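Shown next, in structure tokens, is the structure this report addresses.
The values are calculated or read from the model by the stated rules, or taken from the named source; none is laboratory data. Fair warning: this is a prediction, and the values are worked out from it, not measured in the lab. Every residue, glycine among them, receives a Cβ derived from its backbone with ideal geometry; neighbour counts consider all protein chains shown. For accessibility, only protein heavy atoms count, side chains too; no ligands or nucleic acids. Shrake-Rupley method; radii C 1.70, N 1.55, O 1.52, S 1.80 Å.
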Amino acid sequence: MAKHDVIVIGAGPGGYVAAIRAAQLGLKTACVEKEYVGGVCLNVGCIPTKALLHVAEDLREAKHAKEYGIDFGEPKVNPKAVNKWKEGVVKKMTGGVKMLFKGNKIDLIEGEATFTDKNTIKVSDKSYSAEKFIVATGSEPIPIPGFEVDNETVVDSTGALVVTEIPKRFLAIGGSAIGLEFCDIYNALGSETTVVELMDQIVPASDPDAAKELHKSFEKRGITIKTGTKAVSQKKTKKGIEVVLEDKEGKQETVTVDKLLVAVGRRPNGKNLGLEAIGVNVNERGFVPPANNHMQTDVSNIYVIGDVAGHPMLAHKAMKEGLVAAEHAAGKPSAYDTIVPSVIYTSPELASVGMTEAEAKEAGYKIRVGKFPMSASGRATTLGTNEGIVKVIGDEETDILLGFHMVGPSAGDMVSEAALAIEMGATLEDISLTQHAHPTIAETFMEAAEHAHGMAIHIANRKR
Ligand code: FAD
């Protein structure tokens, strides 16, 4: 029986990063993968969606260019070529992970792993033993009864990535990151696009001011948004898929579409691994909650990371947890204790880190808020946009930055400056005093911090 120091189960962003770090630290490492190296993120998640969002952005830019005096003519989309390009991007990325495995002498075991005891797993009738294991089995889409995915007209996120033709009418059930990114893509490709969200705002977990900005921008682009609305049933007819929607008052309407995306969240892959039988706590939803911030489970030689370990289900959180687990397994005192930025890569992007206004108040802070609109940014104007806002939330007593929420160009990159500021305990004054190059989108963060003190230069301030 092959014996390793550590075996990682799942080669997604959590698992492959953990395996590489374990190998870097001198552990004899293997990684088991049942479907695709790179996991959801590289194969059917982060990477292919961003490739399609790039196509969407170029399409929009080509149309907008007329406003700047360049006429490319009406762009023509070849869906098959778009699909091929996206697949090429995925292949490059997943091939890169396989090369990294080889370079770090990580054994890749193909197949589905189940535990037989706390030091042994079975993969296709072969047993493998290790001192330590890192469970990184990820998550899968949550189905809705009555909206069974056929991966042709009724699709989940994986099906929606296959752009073989452009549907005339596209509807997404779920107004969070995945639903909105696909609305952005299909709207740019030319579909009449609608998104239905059960809660009262899109991106329900985000700051309401940021959600409002994105809402406005989507509507301006012709995307129909129905919040406080539930999709109750669907029926395939000659006219298309008839979807019955119901608002909070119980009023129903039928919308007919050609492609229906079900994107109401993801559920963890914690069951069917044999973990319960060896004493690892798997909760009723299938999460395997870590017992401490070293990412160990109740059975201390078994670690858990990524989507299966809990929310937020994001690739960078999985990667960070993977580093912590691998380092701790190698005897280092690593612990997971960082804030998690989040980005929705629509146009404009929405990015947040730290607390929302409501969360800060609930935590007992007296807060100071600063806001700066993109319409007052020189750089945004040169980019031909005035959509978006930066909002900062600080502690009135200490001036420490508690939260950052942004809608606008490069928000996905900007959020890392805010994350660093929060990690370093920066104050709003620190951000105001930092020279930001001009003209950049980053200046909007500085001006929002100045606005919180009633001292923004390029907008009116409230009385100090
Ligand atoms: P996964 O990536 O799910 O990988 C788990 C792996 O384990 C899979 O390859 C699976 O085959 C394997 N596996 C499962 N069970 C077994 C077993 N028993 N034996 C062997 N192998 C097994 N996150 C972001 O941060 N940014 C984004 O832009 C973003 N965009 C997304 C877009 C979409 C459409 C989707 C669906 C998700 C997106 N996410 C994004 C979320 C992100 O993909 C996940 O948070 C991330 O992939 C989680 O990583 P993971 O390593 O925990 O699991």
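General remarks:
- Candidates MET424, GLY265, THR237 compared by Cα position along the dipole of the chain: farthest toward the positive end lies THR237, with charges placed on Cβ.
- Of all aspartates and glutamates in the structure, those lying under 14 Å Cα to Cα from LYS239, and not within fewer than 8 positions of it along the same chain, are ASP258.
- Note: relative contact order over the chain, using C-alpha pairs below 8 Å and six or more positions apart, is 14 percent.
- Per residue, the stretch 39-116 exposes 61 Å² of solvent-accessible protein surface, assessed with a 1.4 angstrom probe and all protein chains in place.
- Remark: the stretch 311-464 carries a charge dipole of roughly 300 debye about the Cα centre, counting +1 on each Lys and Arg Cβ and -1 on each Asp and Glu Cβ.
- Span-like helix ranges in the chain, DSSP H, alpha carbon extent 27 angstrom or more, Kyte mean at least -1.0: 79-103
- Each peptide among 349-358, 49-58 gets the average number of other Cβ atoms lying within 10 Å of its residues, and from highest to lowest they stand as 349-358, 49-58.
- Accessible surface of the stretch 189-332 [probe 1.4 Å, protein heavy atoms]: carbon and sulfur percent: 49 percent
- Taken about its Cα centre, the stretch 102-229 carries a charge dipole of about 280 debye when Lys and Arg each add +1 at the Cβ and Asp and Glu each add -1 at the Cβ.
- The stretch 263-327 shape via C-alpha gyration tensor axes, a/c threshold 1.5: oblate
- Whole-Å semi-axes of the ellipsoid equivalent to the stretch 1-99 (Cα gyration tensor, √5λ, descending): 41, 13, 9
- Cα coordinate range in the stretch 208-365, projected on the principal axes (Å, largest first): 60, 41, 28
- Listed residue (PRO13, THR29, LEU52) projecting farthest to the positive dipole end of the stretch 3-92, Cβ model: THR29
- The chain: antiparallel DSSP beta bridges as a percent of all, rounded to 5: 60 percent
- Percent accessible area from carbon and sulfur atoms, the stretch 1-70, protein chains only, probe 1.4 Å: 54 percent
- Relative counts (whole %) of C-alpha pair distances in the stretch 407-464, using bins that are 5 Å wide: 4, 19, 28, 26, 17, 6, 0
- Unit Cα scatterers, Debye sum, the chain: log10 I(q)/I(0) for q = 0.07, 0.14 Å⁻¹: -0.40, -1.37
- Here the ratio of the Cα radius of gyration of the stretch 64-118 to 2.2 N^0.38 Å is 2.15.
- Relative contact order, percent, the stretch 192-312 [alpha-carbon distance under 8 Å, six or more residues apart]: 15 percent
- For the stretch 1-139, the antiparallel share of DSSP beta bridges with both residues in that region comes to about 35%.
- Note on the stretch 190-273: Rg/Rh from Cα positions, Kirkwood definition for Rh, rounded to two decimals, is 1.03.
- Ranking THR297, PRO341, ALA62 by how far each Cα lies toward the positive end of the dipole of the chain (charges on Cβ) leaves ALA62 at the top.
- 3J(HN,Hα) from dihedral phi, the stretch 274-283, Karplus parametrisation 6.51/-1.76/1.60, rounded to Hz, x for glycine, proline: x, 6, 4, 5, 9, x, 8, 6, 10, 7
- Rounded if a/c under 1.5, otherwise prolate or oblate - the stretch 376-441, Cα gyration tensor axes: prolate
- Shown here: the stretch 140-294, whose C-alpha atoms stretch 52, 39, 34 Å along the first, second and third principal axes, sorted largest to smallest.
- Protection proxy ranking of 206-213, 221-228 - average other beta-carbon atoms within 10 Å, highest first: 206-213, 221-228
- Net charge, ARG379 excluded, C-beta distance under 12 Å - Lys, Arg +1, Asp, Glu -1: -2
- Counting only protein heavy atoms and a 1.4 Å probe, the stretch 309-408 has 41 square angstrom of accessible area per residue.
- All-pairs Cα distance distribution in the stretch 97-200, expressed in whole percent, bin size 5 Å: 2, 9, 15, 15, 11, 9, 10, 12, 10, 6, 1
- Ranked by how many other beta carbons lie within 10 Å on average, peptides 263-269, 248-254, 323-329, 296-302 from highest: 323-329, 263-269, 296-302, 248-254
- Dipole moment magnitude, nearest 20 debye, the chain about Cα centre, only Lys, Arg, Asp, Glu C-beta charged: 1000 debye
- The stretch 1-66-the stretch 127-196 distance, computed between alpha-carbon centres (Å): 17 Å
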